[in-house]
Every structure is written in C-alpha cells, then in structure tokens.
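Trainee: Have a look at this one.
Read-outs: derived from the displayed coordinates by stated rules, not from any lab. Source: prediction; values computed, not measured. So basically every Cβ, Gly included, is an ideal-geometry build from the backbone, and we count neighbours across all protein chains shown.
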Amino acid sequence: MKRADPREPPVADRASPHEGRADPAPRRLPRSGGGPFLFLAVAAMGIGVAAWTPLPPGVWHDDGVYLTLGRALAEGEGLRYLGVPGSPAAPKFPPVYPAVAALGWLLGGDAGGATAVAVALNILFLAAAVGLAGAWARWGLGLPLRLALLVGGLAGLSVDLWRPAMVALSEPLYVLVMVGALWAAARAERPGAGWRDAALLVALLALLLHVRTAGAAVAGAAVLGLALRGRWRTGVGVGAALAVLALPWALWSAAAGAALPEPLRDILGPYGAWLGGAVMEAPLRYVAGLPGAGVGMGLRTLDLLVPPASAPFSWAAGAFIGVGVVAGIPLMTRRSPTAALALVLSLLMAWLWPYQDRRLLVPAVPLLLAALACSAAALVTAWGRRPRPGSRLAGVALAGMAAWALGFGTGSALRIARGAPTAAYEIRAAKLADALDAMEGRVPAGAVVGAPELWPTLPLLTGVRSAPSARFLPLSGAGALRAGSPEQQFRLWVAGGVDHLLLEQGGTIHGEALNVLEEACPGAVVILDTRPGLILVRLHWDEGCRRRVGAVP
C-alpha cells in the first residue's frame, strides 16, 4: 500500500473524488500550526476588553442568581439562594458557573468586585472559545485554513456572543467547553481512536452538562455521532459514563426541588420538573404552539447571522444564509456527525422549550458558522471543476457568501464599537438605579421585597431579603397570565414571606392581583413610591385577608 506523502495537503483541502459531494471526514489531521488561531483568541480578547462597560451587579436577572449562588459558595453555605428567606437550596443552575462566580467573590470581595472578576473571566472564556472554534473547524472538521479562520473570526465579532459575556452569565464558558467537546468528539470518531480520546470526550461532556443543562443536546449528539461512525461500543460507553457522572447532580437537584414550596418551584426549582409540569398542565396548548414556536425559532436563528438592515435585504439575506446552513448540515455530517447533530439537537431543544428566547440560541453561533463554512468548502470544490455544469452557479453562490461574510463582519464590528453588547444592560441599569432610590428610606431592614426580575439583585446591593413575586408559567397564556393568576401570585408571596412589592413594569404583572387584594381587603395595598414604570408597594394584609383572597388554604 502506498504511504501518504506528509507533504501533501490535508484530505479536506484536496479535490474530492466524490462527484458533486462534500469531502469525506479527514483521516488525518491537517498540519497547519496553531499560530493563526492564537492570534484569533488574542484579537477577540481585545474586542472583549474594548466592549466592556462596567455595569451594576445582577442587572439582568440570571447574573444576579449566579452572583447569589457564588456568594453562598464563597461563604461556605453551599449552593443556596442567600437573601431569599430560609436560604433554600438552589437546584436550578448546575454548579460549575456558580463556582466561577464564587471565585469572583473570593478575589473581588464584594458584589461589584465579583462582577468585575466574572466579566474578566467571561472575556477570557469567550476569547479562548473563538480561537478554539477556528482550530476545531480546521483540525476537527478538516476545513481549509481560510474558512477555519473565518469561522473563528466571525464568531469573535458576534454581538450575540459578546452580550452575555458582559455580565455574570454562563454562556461564554459553555461555548468554550462545547467547542472543546466537539473537537474531542471529532477525534473520538476517527478510525484508530483509543480510550484516551473517549475519556477526554467524557470529561468535557460531563463538564458541559454541569455548566448548562442544554449540554444534554451535545452529549446526545456525541453518542449518536459515534454510532454513525460505526463506533457503537465507544458510543455506549460514553453514554453510560455520562449517565453515571450526571446522576449525583440529577438526584440532588430533584430532591432539593421537591423540598421547595410548590409556588416557588417554577422559579427556583430544576428545569426538568418545571418543563414536565408545564407540558402536562397544558399539553394541547403546548402541542398547538409548536408550529408557531418553530417558525419563531427559525427566524431568531437566522437573525443571529444577518446584520441589521432594511427589511427586504434582511429577508433576502436570511433566505440565502438559511439555505447555506441547511445545505451545510449534511456536509458537516460527513466531516463530524457529532457537530451536525449537536446543531440539530440544540435547535430542536430550543424549539421544544416552552419559553422561546433568543438567548437560548446564542451558543449555536459557532455551529451555524461551521455549517456555512462546510457549504462554502463544497462550493469551492465545485467551482474549481471548470467547465463542468454548476461551476458558474457555485461561483455566484461563493460570491454571495463572501459578500455576506463581509457585511456580517463589518456590521458586527460597527455595532460593537457603538456599544451594542451592553446597550440593553445600560437601560436595565437605569431602572435598577430607580428601584434602589425608591427603596432607600422606605423599606425597613427586616423587610422581604418581592420583585419579578430584580429579586436576586436586591440582597446583593441593599442587604434586604427578597423573593420572586411572579410565577413563570409560559404555557398559561399571553402577557400577565404567564406570571400567574392573582391567586397564584398571592400564594407565591406568602411562600416567600413577601411584605413589600417592587413593580418593575408598573401594573403590567401585578396590577390585577393588587386590584383584587385591595377590593377584598381595603387598605391592604399601600403605595410607597411611584416612578415611570416603577411602583413600590407595602402589603398590609392579615391572616383573614389572606384567606379571603385564597393566598392560604
């Protein structure tokens, strides 16, 4: 058998022997050095530092929860919601990023310092993820060097990836570990891969599962990807090892969630029980909403890749890029089944999730870019086969992709320079400042303030205790119904020991409940302060009043 010449270009860089099809997965790694990808990481770090604007702790909501859990870990209290009456166990968020937030408290000393450390680490995580994404595209998917650099470079310019990095959120760490796991999976898929490759994959996937619950999609993709490569035993072994490693957290989370008062479980409890309960409570509404949710998810996914522009251009660009992504998925499957399945299963999970939010799709950005790069690689191969049919069309498509990449990169860079990653947070910071000003001198030290979204932040900045004031019931209907009926809100306030309410959106969420309460118990609602979009209320209701409105059995 003729030995491969080490001076030959990587398999993925040579013309494919398969007529009209993408190159198969490379059987050996490309030999290009890591310098270009290190440069990508350093450049991304510079972008992150330039985009960083100091923000108050807990300005968004989940960042406040992470800081709360980090504080509890740093103080040796375990994974608990400090600041919530009774300091209940916190089974909702897996423990790895709270541990990162705990490091922020140990190094920063207070909430502001912890936030600064967490954001600095997030910038490092995302910068490393950008460089690693390029290296994975090159050595894991076998893409040509220029396309691999494009995958990493465009990821480093994504406003959607930088936005969660600017506060204490887990997405940057998740993306870093996810890309590492995808690279490890590509290695484990190759013929001749050994137990060390499988062990590395298990370790990274286990870490991913303990950063964000959404890592289950990537873990499932890895098991299926190994099976598609004919490595059934390895796939079963990886799946079994992951099940064993994930079991302790799953058992503890389920037990801690069951110990929470029922009204608090959808906010403070684990995702699994919440998801199952939400679907079982309204199965027909859930199923009926899936088509619309799928359309919305598809549009939000394309929005991650289309620079802001006029509607006609956005629709045209979205359709073009959508075709590129869809065409790239089977091409990516040939290079690494795990990568393609990770994209499909991540989007499927976002579609089936009862709560539709753009943030759920953000970690898929590197995968979407990789799918486009796989399409581009196939077009380059087809374009080079002149004068065969289709080469001219391939050239036109390549020109369109080049124009898109230029537009996306330039538009994203301009948006970052104008402060897009922190713009929404700055609006929230102004509202938070108003809330703190309204509370000053009006809320006694021993009070418990209920708030829909700012509840984890208030103890960090004021020292008062707080609790969620609104339910999270996305299948209960539209608007305020998702926050619970008046009776459901009353029971939540009682479970959390709430005696003051901070209405962050005026009367949108709690207006109906407070009207019912005041009508049943005149004088029970005492308005302490009003500001645009903000009302501070003291609840003055006794046991009899609570029984009349159904707050207690």
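Trainee: Please work out whether region 453-548 counts as rounded, prolate or oblate from its C-alpha gyration tensor, where a ≥ b ≥ c are the square roots of the eigenvalues and a/c under 1.5 means rounded, while otherwise a/b larger than b/c means prolate and anything else oblate?
Mentor: The shape class here is rounded.
Trainee: Determine, from the Cβ-Cβ distance of VAL295 and THR508 and an R0 of 30 Å, the FRET efficiency 1/(1 + (r/R0)^6), rounded to the nearest 0.05.
Mentor: Efficiency at R0 = 30 Å is approximately 0.70.
Trainee: In degrees, nearest 10, range 0 to 90: what is the angle between the Cα axis of helix 391-417 and the longest Cα principal axis of the chain?
Mentor: Roughly 40 degrees between the two axes.
Trainee: Rounding to the nearest 10 and keeping the result within 0 to 90°, find how far the Cα-based axis of helix 337-352 lies from the longest principal axis of the chain.
Mentor: The angle comes out near 30 degrees.
Trainee: Here's another thing I want to ask about it. Cysteines without a disulfide-compatible partner in the chain, using Cβ under 4.7 Å as the rule?
Mentor: Flagged as lacking a Cys partner: CYS374.
Trainee: Now, a different point. Amide H to amide H, which residues 5 or more places from ASP529 or on other chains are under 5 Å from it, using H placed in the peptide plane?
Mentor: Those lying under 5 Å, H to H, from ASP529 are LEU536.
Trainee: By how many nm would the segment from VAL494 to ALA403 grow when fully extended, if each residue of separation counts as 0.36 nm and the alpha-carbon distance is taken off?
Mentor: That works out to 27.0 nm of additional length.
Trainee: Fewest first, what order do PHE39, PHE490 take by the number of other Cβ atoms within 10 Å?
Mentor: Ordered from fewest to most neighbouring Cβ atoms within 10 Å, PHE39, PHE490 come out as PHE39, PHE490.
Trainee: Against the longest alpha carbon principal axis of the chain, how many degrees, from 0 to 90 and to the nearest 10, is the axis of helix 283-303 turned?
Mentor: It works out to around 60 degrees.
Trainee: Over the Cα atoms of region 310-446, compute the convex hull volume and normalise it per residue, giving Å³.
Mentor: Each residue corresponds to 176 Å³ of Cα convex hull volume.
Trainee: What is the order of VAL175, VAL279, fewest Cβ neighbours within 10 Å to most?
Mentor: VAL279, VAL175
Trainee: Quick one: which residues, 5+ away or cross-chain, put their amide H under 5 Å from the amide H of SER336? H built at 1.01 Å from N.
Mentor: Sorted by chain and number, the residues that satisfy this come to none at all.
Trainee: Still on this structure, please answer the following. Over the residues of the chain, compute the C-alpha Rg and express it relative to 2.2 N^0.38 Å.
Mentor: Working it through for the chain, the quotient is 1.05.
Trainee: To continue, here is another question. Need the full-extension length gain, ALA316 to ALA199, defined as separation in residues times 0.36 nm minus the C-alpha distance. One decimal, nm.
Mentor: Going from the current span to full extension adds 37.7 nm.
Trainee: Listing ASP303, ASP62, ASP266 from the residue with the fewest other Cβ atoms within 10 Å to the one with the most, what is the order?
Mentor: ASP303, ASP62, ASP266
Trainee: Can you pull a Stokes-Einstein diffusion coefficient for region 159-304 at 10 °C (1.306 mPa s), Rh from Kirkwood over Cα pairs, as a whole number of µm²/s?
Mentor: Approximately 90 µm²/s, per Stokes-Einstein.
Trainee: On to the next question. Taking every pair of distinct Cα atoms and averaging 1/r, then inverting, what Kirkwood hydrodynamic radius in Å comes out for region 269-313?
Mentor: Hydrodynamic radius (Kirkwood, Cα only) of region 269-313 equals 12.9 Å.
Trainee: Counting helices only, and only those DSSP H runs with n ≥ 4, report the 222 nm mean residue ellipticity of the chain as the sum of -39,500 (n - 2.57) divided by its residues, in deg cm²/dmol to the nearest 500.
Mentor: -20000 deg cm²/dmol
Trainee: When the convex hull of the C-alpha atoms of region 32-133 is computed, what volume per residue in Å³ does it have?
Mentor: Per residue, the Cα convex hull of region 32-133 comes to 111 Å³.
Trainee: Quote the FRET efficiency, to the nearest 0.05, computed for ALA227 versus ASP542 with a Förster distance R0 of 51 Å and r equal to the Cβ-Cβ distance.
Mentor: That gives a FRET efficiency of 0.25.
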